[in-house]
Amino acid sequence: MDIHLVSSIDSAEFTHLTRALSQSTIIGLDAEWKPLRSQRSTFPTVALLQLACQLGDDSAGWDESVVFLLDLASIPLPSIWELIRDVLVSPDILKLGFKFKQDLVFLSSTFCAQGCNLGFDKVEPYMDITNLYKFLQHKEGNKVSKNTKSLSAICEEILGLHLSKELQCSDWSERPLTEEQIRYAATDSHCLLGIFKIFQAKVIKEGHSCNNVEEQHQSDISLGLKDILNMSDCENKLVGTKFCNAVDIVQATASSEECKRIAKGAEVVRKTKPMDESLWKIVRKYGEKLILRESDRTPKTSRKKGRRRSSVAVVCKEKQLDNYSDWQGPQPWDISLGGDGSPKFLCDVMVEGLAKHLRCVGIDAAIPHSKKPEPRELIDQAYKEKRVLLTRDAKLLRHQYLIKNQIYRVNSLLKNEQLLEVIEVFQLKISEDQLMSRCTKCDGRFIQKPLSTEEAIEAAKGFQRIPNCLFDKNLEFWQCKDCNQLYWEGTQYHNAVQKFIDVCKLKE
């Protein structure tokens, strides 16, 4: 995945963006903004707009794509309003999104606030990932749930890709953006292309294309240029290509104002590459429109009835939660409490990435036994294994009374900062010798004696592939006692060691 952060219209990245848009017929859209912590009379300000462009033919793999992150906090919005509007309504570009209507509302509000009074009022042709997922589920014979799955859950099921959402609520208005935020934002829009590719392959394989397309095309051929310009956007796809090729002839012979207008319209058609026929058939059958009504442009206040809590009560509640986050008392692994003295943690799904970081610095960090554990399951696991439960879920703190001194709410959003927070709060001692001493896959320990190349090849048979280039390097291999995963001191290992030396400041 090729990622470009666009912060200026005078930059090479912006030129690359405009070129990519002219060559793309499928684009994944997403937006990020700083969350509002309280009910307000305004919409959030969108700080980042992501456009994942599918390059090459429509049949190309979704990995042959480039993602552009438009930094709306740095670019003068009036300078790009027309470009964005043209992309959103271009009949030659299929737009993909996940519940994108809310994003469109916030995006339109953001541009209107910067002097673009018209904002954006529609996206077409458009396809929502939730509808594609329901189609795929139906074709697999699975029962389609009425409840909409999250994008993370859909990605894991369809693409086998774990999409961490821990940065979703980070402050997207702060600059510069972190590397983690850039990667997160790009992945969110990029995965839409992958899901669509699977949907497209399924539709083509089963022949779910329009049956009357040939008849429609045949009737279009007899139309003149002026008639074609007056047709609706979705009806002139086949003739669009030949129409663009005729531009030069029209311009050379144009003498009247009417002919000049036709030639100008043809130039607009030529700005973007027409869809190929198979994609166009899918768009005609499954495509939809996103349209904003006037009522969508006004923030809605909650109409829930009930007793209103005073601001004093809310403040007290927040202070109470903050107090729970402060660690007090001995840790469950304390020898005086029957522990073995070795720090142990359990990271719930909201801080699962932190578990891998802790393992990389040699700390025992488990994850829940199930993918969607109930609070009681987490508490039972933490209690039985004498672990501190790490979470960002304030609701879990309500169960603090069940396991005293075994729940800690992590305050930081980014994994590196979370790691440093846990090290500081629990006064963990990290040394360079500890780095990469645990299995990052399962949290297991390595066998004491390293394996030779021959032993590693034998141990990896039918289980793990070892690159041939390692055989002549006389490397030592380590194997996890629990899951049998093999590790060696290659480039990835040395990069990881250096990363955590820097993060933990071990050489200062």
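Some points to look at:
- Cα shape, the stretch 51-142, gyration tensor, a/c 1.5 rule: prolate
- Under 12 Å, Cβ to Cβ, from Cys439 - net charge with Lys/Arg +1 and Asp/Glu -1: +3
- Gained length - Ile291 relative to Lys473, 0.36 nm times residue gap less alpha-carbon distance: 59.4 nm
- Built amide H within the under 5 Å cut-off of Met436, gap 5+: Val361, Gly362
- Karplus-derived 3J(HN,Hα) values for the stretch 153-169, using 6.51 cos²θ - 1.76 cosθ + 1.60 with θ = phi - 60°, are 5, 5, 4, 5, 6, 8, 9, x, 10, 7, 10, 5, 10, 5, 9, 4, 9 Hz; glycine and proline are entered as x.
- The string of couplings for the stretch 85-91 from the Karplus curve (6.51, -1.76, 1.60, θ = phi - 60°) is 4, 4, 5, 5, 10, 5, x Hz, one whole number per residue in order, with x for Gly and Pro.
- Less than 5 angstrom separates the built amide H of Ile26 from those of Gln54, Leu94, all sequence-distant by 5 or more or on a different chain.
- FRET efficiency estimate (nearest 0.05) - Cβ-Cβ, Arg183 to Ile335, R0 30 angstrom: 0.15
- Inter-label distance for Glu82 and Glu374, nm, one decimal - labels placed 7 Å from Cα along Cα-to-Cβ: 6.0
- Residues Glu458 and Glu174, FRET efficiency given R0 of 60 Å [Cβ-Cβ distance, rounded to 0.05]: 0.70
- Computed as a quarter of the hull surface, the mean projected area of the alpha carbon convex hull for the stretch 409-485 stands at 7.2 nm².
- The stretch between Val497 and Ile447, if pulled fully straight at 0.36 nm per residue, gains 16.0 nm over its current Cα-Cα span.
- Label positions at Ile3 and His162, each projected 7 Å from the Cα along the C-beta direction, are separated by 1.8 nm.
- Phi to ³J(HN,Hα) by Karplus 6.51 cos²θ - 1.76 cosθ + 1.60 over the stretch 339-354, Hz, x for Gly, Pro: x, 9, x, 9, x, 9, 10, 10, 9, 6, 5, 6, 10, 4, x, 5
- The stretch 357-411: relative contact order in percent, alpha carbon pairs under 8 Å with at least 6 residues between: 27
- The modelled label-to-label distance for the pair Thr42/Arg398, using points 7 Å beyond Cα in the direction of Cβ, is 3.4 nm.
- Restricting the stretch 374-432 to chymotrypsin sites (Phe, Trp or Tyr not before Pro) that sit in a DSSP loop and have at most 10 other Cβ atoms within 10 Å of their own Cβ leaves Tyr401.
Every number here is computed from the coordinates shown, using simple stated rules; none is lab data. What you see is a predicted model; the values in this text were computed from it and never measured. Note that each Cβ is placed from the backbone with ideal geometry, even for glycine, and that neighbours are counted across all protein chains shown.
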